[in-house]
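Here the structure comes first, spelled out in structure tokens, and everything after it is commentary.
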Amino acid sequence: MLSERLTFYSQLTDLKLAELLEEGSKAPILTESMGYSVFSGGKRIRPSLCMAACELCGGTAEDALFAACSLELIHTYSLIHDDLPAMDNDDMRRGKPSNHKAFGEANAILAGDGLQALAFFALSLCTEKTVLEYVAKGAFEMVMGQSLDVNSGGDVSLLRQLQDYKTGALFRAAVSAGAACANATTDQIAALIRFADAYGLLFQITDDILDFEGESSVLGKTAGKDAEEGKTTFVTVYGLDTAKEYAKQYAHEAREAVYQANADAPFFTELISYTLTRKS
């Protein structure tokens, strides 16, 4: 079920993303650099959550497609900028050179700028206008999280707020925007936001665990890079065993929340289980 739905959502997203990127055809280097990162092997979790939330609330995946694409464009722009020398200074992303290594810093910055602008063009094509509010808020909160990450100086008290914004914001935007595309009830949206809060923390903690254990090298990152650089993560703050317990706790909270939105939610429950045990 999970693998089939993720493939379906990914295929829908990729087709529409290819169409959207054609908007930049008169600037070939920009289009190439944007496409280089957009089609670099991402799992499309955020657009999948958006379309799945829409279906959960009675709509179709296609109803939420423009919103889903906007989220992937925003996520990709954030990764391009995150890899820049002034930020995380990562040379690799998903097993190949980061955008700034492939195209130079100036073109990487422009690619990120272009993807963000294109995301809001996609949002302008959504028929449900409240979607703009959810995605715009999520995008800004994500940047807030990145700012906290850059400027926290290892402040442990900021850990949950940092992760709640940096990772959780786009998950909240995904499910709330998808639900809005199906004219969901206020209670359904609230339950899905609670799911996203818990799932975002689960996702980030498992990412921290993978980095600590060295598995993140399959994504083209340096194994243990966060710990070596003294970054504030759940593993560096609480230790590996406690971080794993937190992951289980947030997985439970995510399941409880999604049941409140709709008791029949196999995609969400399978995604939670997959994330809790993922190896990459």
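The values are calculated or read from the model by the stated rules, or taken from the named source; none is laboratory data. Because the structure is a prediction, the values reported are computed rather than measured. FYI the Cβ positions are ideal-geometry reconstructions off the backbone, even for glycines, and counts take in every protein chain you see.
Here are the numbers for this structure:
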| quantity | calculated |
| --- | --- |
| Subset of segment 1-44 [without any contact (Cβ under 8 Å) to a residue 60 or more places away in the chain and β-branched (Val, Ile, Thr)] | 7, 13, 31 |
| Flag if residue 146 is surrounded by fewer than 22 Cβ atoms within 10 Å (Cβ to Cβ), under 19 Å from the mean Cα position of the chain (by Cα) and not small (Gly, Ala, Ser) | yes |
| Qualifying residues in segment 194-220 (those that are over 29 Å from residue 176 (Cα atoms) and acidic (Asp, Glu)) - the one modelled with the highest pLDDT | 211 |
| Residue within segment 145-158 that is within 26 Å of residue 58 (Cα to Cα), of a type in the set (Val, Ile, Thr) and touching a residue at least 60 places away in the same chain (Cβ under 8 Å) present | no |
| Residue 139 vs. criteria farther than 21 Å from residue 251 by Cβ, more than 12 Å from the chain's Cα centre (by Cα) and part of a helix (DSSP H, G or I) | no |
| Those residues of segment 64-102 which are touching a Pro at 6+ places or on another chain (Cβ under 9 Å) and part of a helix (DSSP H, G or I), in sequence order | 64, 65, 67, 68, 69, 70, 71, 72, 75, 100 |
| Checklist (1) hydrophobic (A, V, I, L, M, F, W, C); (2) crowded, with 16+ Cβ neighbours inside 10 Å; (3) modelled with pLDDT under 90 applied to residue 139, failing item | (3) |
